[in-house]
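Novice: Take a look at this one; I'll ask things after.
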Amino acid sequence: MTWNSGKSNKKMNIILAVVSIVLILVLGMVLVTDHRSTGKETKELTELADKEKKGIEDYENVKKRAAELAEQSQTSEEDSDSKESATKASDAEDTDEIERKETKQTDSSQKNDTK
């Protein structure tokens, strides 16, 4: 057999064609698998980003609500302090009035006793 024989070339071409087809199929499978894994990874990363964004929004909402509650608490403390002050002032006025009435009653009873 010589290197340039026709039968040998024909067999070699068939073998090379089969090897080429197998390599093309392997390459196609690798590309399809890569595309699927990339799509899956993209989907997972998108979901993770959405969860993180939602978490950040939830955190911001919680911070706003905490600030509102702190403000309401501070306002209610100021109101209760002012109510306490008003109550103390009104109690003091009531006490003064009671003392005045008692003094008047005492004065009038002393006047009646002296008559």
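Only the coordinates and a few stated rules stand behind these numbers; no lab work does. Keep in mind that what you see is a predicted model, and the values were worked out from it rather than measured. Positions of Cβ are backbone-derived with ideal geometry, glycine not excepted, and every protein chain shown enters the neighbour counts.
Novice: What value does the range 2-81 have for Rg/Rh, both radii from Cα atoms and Rh as Kirkwood defines it?
Specialist: 1.77
Novice: Please compute the modelled spin-label separation between Leu69 and Lys11, points set 7 Å along Cα→Cβ, answer in nm with one decimal.
Specialist: Between Lys11 and Leu69, the simple spin-label model gives 8.6 nm.
Novice: To continue, here is another question. Report the full-extension gain for the segment Ile98 to Val62: residue separation times 0.36 nm, less the Cα-Cα distance, to one decimal in nm.
Specialist: 7.8 nm
Novice: Explain nothing, just compute: Karplus ³J(HN,Hα) = 6.51 cos²θ - 1.76 cosθ + 1.60, θ = phi - 60°, for every residue of the range 64-72 in order, whole Hz, x for Gly and Pro.
Specialist: With the stated coefficients, the range 64-72 comes to 5, 5, 5, 5, 4, 5, 5, 5, 4 Hz.
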